[in-house]
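Down below is the structure, laid out as structure tokens.
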Amino acid sequence: MSKEAITYELLHVDKNSGARRGIIHTPHGDIQTPVFMPVGTQATVKSMTPDELKDWIDAKIILSNTYHLYLRPGSKLVKEAGGLHGFMNWDRAILTDCGGFQVFSLKDLRKITEEGVEFRSHLDGSKHFFSPESVIETQEDLGADIIMAFDECVEYPATYEYTKQSMERTTRWAKRCKEAHKTTDKQGLFGIIQGGFYKDLRDKSLEDLVALDFPGYAIGGISVGEPKEEFLDILRYVAPKMPENKPRYLMGVGTPDYLIEAALSGIDMCDCVLPTRIARNGTALTWNGKVVVRNATYEKDWGPLDPECDCYTCKNYTRAYLRHLVKTKEILGDRLLTVHNLYFLAKLMERVRTEIENDNLINFRNEFYSKYGYDNN
């Protein structure tokens, strides 16, 4: 039997919260967890070079998107280039999502059947079809270290009946994905737990997926527009029940409070476009809350973006200059804010890992929330 490409090593559990400190071993290096993973949708983290991601952010893993790369430039071309690692000149770990979230967000442009999903491209309206088997083939072409089973991400709110039907189909698709997946020594295939906001459906999804024995598991279908209390309720219910000896991944989460809550619940991996997206809108995450750089109050502010940060941006540029770049729509403004936001979240997760080792994550959460103005749930 071939060796699994992805394995998890548990180092410590915070005795006061259950948060986990561990290492995910991949073919392209080890990942200290809990970790935030920058998103490079189109085989690039927007405005960042691979060397900057390594030297300035020390990112150990980034994400790319199956749906977008399937449409442009096509997975066969990427495979010809040596997979994503060769195509984008990135020699560390990569995760590709299955494209399910993107396909199902098309709503009126897609049709779901047992066989898969027929959809029209958001680019030109051309018709395409994703099946569990084709999604696995595409991800094998892309060559990421971690790939995801094809699932249906149910919108919020959804009825119990539809959520149950969707969850059961996602499980059947997961089985087909596992049967189609051949490169188990090079790529780890994760199953995605669905079931919406119904705890019995989450239990059933988890039970059935664990029986399929994937090398890792993700929670999908939350952080999709629901109130924070519902998000936290499902997260805290599902995460501790996930296998202890395998990576636990919460999809689509990137605000500081959600990242901390994920870690407190025992999650190992999170990702989101948020830090790069809000950078392009002129907003920075700092140790004292969000800073909307375009605001007039920073016109003559000669201080750093975040006095507590030592990233490239904070060491070299003032808030006044950053505001000027944002107001004049200069590309450098996007780059410098992106550098800072990604660095901030990397340092936040580094701090989270330290606090877990010290059995102190709850106290850190409370202190951080008081500075950020978050409610302490």
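Restricting to helices (runs of 4 or more DSSP H) lying wholly in segment 1-113: which have 3 or more residues that are modelled with pLDDT under 95? Reasoning before the result, please.
On the way: elements: 66-71, 75-80, 83-88, 100-105.
In segment 1-113, 100-105 are the helices (runs of 4 or more DSSP H) which contain 3 or more residues that are modelled with pLDDT under 95.
G333 passes all but one of (1) more than 25 Å from the chain's Cα centre (by Cα); (2) farther than 24 Å from C270 by Cα; which number fails?
(1)
Quick check on my filter: what residues within segment 42-61 are β-branched (V, I, T), open to solvent by 30 Å² or more (accessible area, probe 1.4 Å) and under 15 Å from A144 (Cα atoms)? Reasoning before the result, please.
Of the residues in segment 42-61, the ones β-branched (V, I, T) are 44-45, 49, 57, 61.
This time we only want the ones that are open to solvent by 30 Å² or more (accessible area, probe 1.4 Å), so: 44, 49.
The answer is T44, and nothing else.
In segment 88-114, how many residues are in contact with a strand residue (DSSP E or B) (Cβ under 6 Å, 6 or more places away or on another chain), more than 24 Å from G143 (Cα to Cα) and of a type in the set (A, V, I, L, M)?
Total meeting the criteria: 2.
One residue is enough: does segment 62-71 have a residue meeting the conditions over 27 Å from A262 (Cβ atoms), open to solvent by 10 Å² or more (accessible area, probe 1.4 Å) and in contact with a strand residue (DSSP E or B) (Cβ under 9 Å, 6 or more places away or on another chain)? Before the answer, list the steps.
Looking only at segment 62-71, we keep the residues that are over 27 Å from A262 (Cβ atoms), and these are 70-71.
Narrowing the set further to residues that are open to solvent by 10 Å² or more (accessible area, probe 1.4 Å) leaves 70-71.
From the residues that got through so far, the ones that are in contact with a strand residue (DSSP E or B) (Cβ under 9 Å, 6 or more places away or on another chain) too are 70-71.
Within segment 62-71, one or more residues are over 27 Å from A262 (Cβ atoms), open to solvent by 10 Å² or more (accessible area, probe 1.4 Å) and in contact with a strand residue (DSSP E or B) (Cβ under 9 Å, 6 or more places away or on another chain).
Which one is nearest to P243 (Cα to Cα), of the residues in segment 148-181 that are in contact with a helix residue (DSSP H, G or I) (Cβ under 7 Å, 6 or more places away or on another chain) and not in a helix (DSSP H, G or I)?
Taking the candidates together, the pick is A149.
Restricting attention to segment 313-326, does a residue exist that is at positive phi and either in contact with a Lys or Arg (Cβ under 8 Å, 6 or more places away or on another chain) or of a type in the set (S, T, N, Q) (or both)? Give the steps one after another, and end with the answer.
First, pick out the residues of segment 313-326 that are at positive phi: none.
Looking for residues that are at positive phi and either in contact with a Lys or Arg (Cβ under 8 Å, 6 or more places away or on another chain) or of a type in the set (S, T, N, Q) (or both), one finds none in segment 313-326, hence no.
Based on what the data block shows, is G99 surrounded by fewer than 23 Cβ atoms within 10 Å (Cβ to Cβ) and touching a helix residue (DSSP H, G or I) at 6+ places or on another chain (Cβ under 8 Å)? Show your work before the answer.
Details: surrounded by fewer than 23 Cβ atoms within 10 Å (Cβ to Cβ): no; touching a helix residue (DSSP H, G or I) at 6+ places or on another chain (Cβ under 8 Å): yes.
Against the criterion (surrounded by fewer than 23 Cβ atoms within 10 Å (Cβ to Cβ) and touching a helix residue (DSSP H, G or I) at 6+ places or on another chain (Cβ under 8 Å)), G99 does not qualify.
Do we have any residue at all in segment 21-41 that's under 15 Å from the mean Cα position of the chain (by Cα), farther than 21 Å from E357 by Cβ and surrounded by fewer than 16 Cβ atoms within 10 Å (Cβ to Cβ)?
no
Would you be able to tell me the number of residues in segment 304-321 that are over 30 Å from G18 (Cβ atoms) and either open to solvent by 20 Å² or more (accessible area, probe 1.4 Å) or touching a Gly at 6+ places or on another chain (Cβ under 9 Å) (or both)?
Initially, segment 304-321 is screened for residues over 30 Å from G18 (Cβ atoms), giving 304-307, 310-321.
Among the residues that remain, those that are also either open to solvent by 20 Å² or more (accessible area, probe 1.4 Å) or touching a Gly at 6+ places or on another chain (Cβ under 9 Å) (or both) are: 304, 307, 310, 312, 315-321.
So the answer is 11.
May I ask you to list the residues in segment 233-282 that are of a type in the set (V, I, T) and under 17 Å from the mean Cα position of the chain (by Cα)?
Our first condition is that a residue be of a type in the set (V, I, T); within segment 233-282, this holds for 234, 238, 253, 255, 260, 267, 273, 276, 278.
The answer is V253, T255, I260, I267, V273, T276, I278.
Can you confirm whether segment 316-325 contains a residue that is touching a residue at least 40 places away in the same chain (Cβ under 8 Å) and β-branched (V, I, T)?
no
If I filter segment 340-347 for residues that are in a loop (DSSP other than H, G, I, E, B), open to solvent by 10 Å² or more (accessible area, probe 1.4 Å), at pLDDT 95 or above and under 30 Å from S17 (Cα atoms), do I get at least one hit?
Looking only at segment 340-347, we keep the residues that are in a loop (DSSP other than H, G, I, E, B), and these are none.
No, segment 340-347 has no match at all.
Within segment 126-147, identify whether any single residue is among the hydrophobic types (A, V, I, L, M, F, W, C), surrounded by 15 or more Cβ atoms within 10 Å (Cβ to Cβ) and assigned to a loop (DSSP other than H, G, I, E, B), and answer yes or no. Working first, answer last.
So the first thing to find is which residues in segment 126-147 are among the hydrophobic types (A, V, I, L, M, F, W, C), and the list is 129-130, 135-136, 142, 144, 146-147.
Those still in the list that are surrounded by 15 or more Cβ atoms within 10 Å (Cβ to Cβ) too: 130, 135-136, 142, 144, 146-147.
From what's left, assigned to a loop (DSSP other than H, G, I, E, B): 144.
Checked against the condition, which is being among the hydrophobic types (A, V, I, L, M, F, W, C), surrounded by 15 or more Cβ atoms within 10 Å (Cβ to Cβ) and assigned to a loop (DSSP other than H, G, I, E, B), segment 126-147 yields at least one hit.
Pairs, please: C-beta under 9 Å, at least 6 apart or cross-chain, first residue without any contact (Cβ under 8 Å) to a residue 24 or more places away in the chain and farther than 18 Å from S370 by Cβ and in segment 277-293, second open to solvent by 10 Å² or more (accessible area, probe 1.4 Å) and part of a loop (DSSP other than H, G, I, E, B)?
These pairs meet every condition: R277/K46; N281/R294; V292/N281.
Would you list the strands (runs of 3 or more DSSP E) that sit entirely within segment 207-289 and hold 3 or more residues that are open to solvent by less than 40 Å² (accessible area, probe 1.4 Å) and farther than 29 Å from L305 by Cβ? I'd like the intermediate steps shown before the answer.
Values: elements: 216-219, 248-250, 269-272, 283-286.
Output list reads 216-219.
The values are calculated or read from the model by the stated rules, or taken from the named source; none is laboratory data. In this text, all values refer to a predicted model and were calculated from it rather than measured experimentally. Cβ sites come from the backbone with ideal geometry, for glycine too, and all protein chains shown count toward neighbours. Heads up: the accessible areas ignore ligands, DNA and RNA and are worked out on the full protein's heavy atoms, side chains in. Shrake-Rupley method; radii C 1.70, N 1.55, O 1.52, S 1.80 Å.
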